[in-house]
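K.L.:
This is the structure, below, for whatever I ask next.
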Amino acid sequence: MKRIIILGSTGSIGRQALEIVQRTGEYQVVGLGARRDVDTLREQTPQFHPQVVAMTDAAAARRLRADISPQVEVLSGPEAMRELAVWGEADLVLVAVVGIAGLLPTLAALRAGRDVALANKETLVAGGALVMAEARRTGRQLLPIDSEHAAIMQCLRGELVSGVRRVLITGSGGPFLRRPLESLAQVTPDEALAHPTWKMGKKITVDSATLMNKGLEVIEAHWLFGLAAERIDVVIHPQSVVHSLVEFVDGSVKAQLAPPDMRLVIAYALRGEARVPLEAPRLSWDQLTLTFEPPDPARYPCLGYAYEALRIGGTMPAVLNASNEVAVEQFLAGGIGFLDIARSVRRAMDRHRPVAAPAVEEILAADEQARAHAATDLVS
């Protein structure tokens, strides 16, 4: 039985992963971690019997401690997720926490000789060089829990990377694909959260509306598959059925199709690229219509900023990510407008002087500085 630790067990990906765990009966849950969602973690603990739980919010951890079995160890504080990632004996660590908080636990899990299922874009965006180097050094697997990168992996099975001309990452275009450009300044948070096909967390849903999520996925793909920016394209595909395509040097193309259901991606990663029967929607082939179009740079400036950050490299992708996180948070709180998200990212990138080959401390420092500057800019 595979032993698993789940960081971010109370979020959308974490809950769906536990559904897979429960359905298959193939896993022993060693540990569960969350930021501050005491109610959900309190329910999960007696259901899955972890040896240890972790909460980065110390007050939340104290509340949880009072409500669960004294046999369960409780970790708390800013180091809790990193400590959880290396706790006891585990085969696989699922990193489903949000933001740069996933970087140190991912590195720690790899160094501890554990495979990592990564449902955190920011870890590879900010620290891709360090993470991939650690995975190569330890010989551990890094399995993306992301529909686009899982699709690329499936298309590449049995193929040589040298035979790849380019990969095409698909995106729905979000809720504003057809909305007049002049009206985007009036977009509300509720409108941005009304994704046409996927059910996701708030931050990634807003990123889908700006297409920053595709920009982050381009940077991820660069690290996962060793492809230059020029060999990674983004294409708008409103139906969200084709999750990515790979074009080969002979002109042939492979595509992976599936209903927009993250459980398929999670199960595929957790089982080491093996498939498990799921009660998931099936594609209706007789009613299937597939359309593709290039993204409009004027509608989605954040996508261009991500390509720019990738080409510059060093600490610039960390700054791209950090400034975007702060801006999205402010937008959801009603503090700034929708178009201010891209403007904030642009200002942060213009201000930053990147470090070319950063250590993890330099990445975290760039992230922290970008957040501080972005928060100041948005308040002023």
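Every number here is computed from the coordinates shown, using simple stated rules; none is lab data. Everything numeric in this text was worked out from a predicted model, so none of it was measured. Quick reminder, even Gly has a Cβ in these numbers, built from the backbone with ideal geometry, and neighbours come from all protein chains shown.
K.L.:
Determine, for each peptide in 122-135, 333-346, the mean count of other beta carbons within 10 angstrom over its residues, then list the peptides with the highest first.
P.N.:
Working: 122-135: 22.4, 333-346: 18.0.
Packing proxy ranking, top to bottom: 122-135, 333-346.
K.L.:
Using C-alpha positions alone, give me the convex hull volume of region 197-328 per residue in cubic angstrom.
P.N.:
Once divided by residue count, the hull of region 197-328 is 150 Å³.
K.L.:
Percent of Cα-Cα pairs per 5 Å bin, from 0 to the last occupied bin, for region 145-214, please list those.
P.N.:
Bin by bin from 0 Å, the calculated values are 3, 14, 23, 19, 13, 10, 9, 6, 3, 1.
K.L.:
Let me know the Rg and Dmax you get for region 2-144 when you use only its Cα atoms, in Å.
P.N.:
Computed over the Cα atoms of region 2-144, radius of gyration and Dmax are 14.0, 42 Å.
K.L.:
Rounded to the nearest 0.05, what FRET efficiency do residue 2 and residue 359 give with R0 = 35 Å and r taken as the Cβ-Cβ distance? Could you check? Intermediate results must be reported in sequence, preceding the final value.
P.N.:
Values: r = 33 Å, r/R0 = 0.94.
That pair, residue 2 with residue 359, gives E of 0.60.
K.L.:
Just 257, 278, 270 to compare: in a GNM of the chain, with alpha carbon springs under 10 Å, which one fluctuates most?
P.N.:
Looking only at 257, 278, 270, the largest GNM fluctuation is found for 278.
K.L.:
Where does each of 114, 263 land when they are ranked from fewest to most other beta-carbon atoms within 10 angstrom?
P.N.:
Ordered from fewest to most neighbouring Cβ atoms within 10 Å, 114, 263 come out as 263, 114.
K.L.:
I need the phi-derived Karplus couplings for region 278-292: 6.51 cos²θ - 1.76 cosθ + 1.60, θ = phi - 60°, integer Hz, Gly and Pro marked x.
P.N.:
Whole-Hz 3J(HN,Hα) from phi for region 278-292: 10, 7, 10, x, 10, 6, 9, 4, 6, 10, 8, 10, 10, 10, 9.
K.L.:
Here's a follow-up. Viscosity 0.692 mPa s, temperature 37 °C: what is the translational diffusion coefficient of the chain from Stokes-Einstein with a Kirkwood Rh over Cα pairs, rounded to a whole number of µm²/s?
P.N.:
D, rounded to a whole number, is 155 µm²/s.
K.L.:
For residue 256, list long-range residues whose amide hydrogen, built 1.01 Å from N in the peptide plane, is under 5 Å from its own amide hydrogen.
P.N.:
Counting only residues 5 or more places away or on other chains, the set is 243, 244.
K.L.:
Among 40, 10, which comes first, second and so on when ranked by fewest other beta-carbon atoms within 10 Å?
P.N.:
Going from least to most buried by this count: 40, 10.
K.L.:
Test of understanding: in a Gaussian network model of the chain with alpha carbons linked when under 10 Å, which of 149, 352, 195 would top the mean-square fluctuation ranking?
P.N.:
352
K.L.:
Sorting check: for 179-191, 304-316, which peptide has the highest mean count of neighbouring beta carbons within 10 Å, and how do the rest follow?
P.N.:
Highest mean packing first, the order is 304-316, 179-191.
K.L.:
Next question. Can you list the equivalent-ellipsoid semi-axes of region 102-261, largest first and in whole Å, using the square root of 5 times each Cα gyration tensor eigenvalue?
P.N.:
Values: eigenvalues 157, 86, 33 Å².
So the equivalent ellipsoid measures 28, 21, 13 Å along its semi-axes.
K.L.:
Now for a different question. Hey, fewest Cβ within 10 Å first, where do 290, 245 land in order?
P.N.:
Ordered from fewest to most neighbouring Cβ atoms within 10 Å, 290, 245 come out as 290, 245.
K.L.:
Something else about it: Which FRET efficiency, nearest 0.05, do residue 257 and residue 136 yield, Cβ-Cβ r, R0 45 Å?
P.N.:
E between residue 257 and residue 136, to the nearest 0.05, is 0.90.
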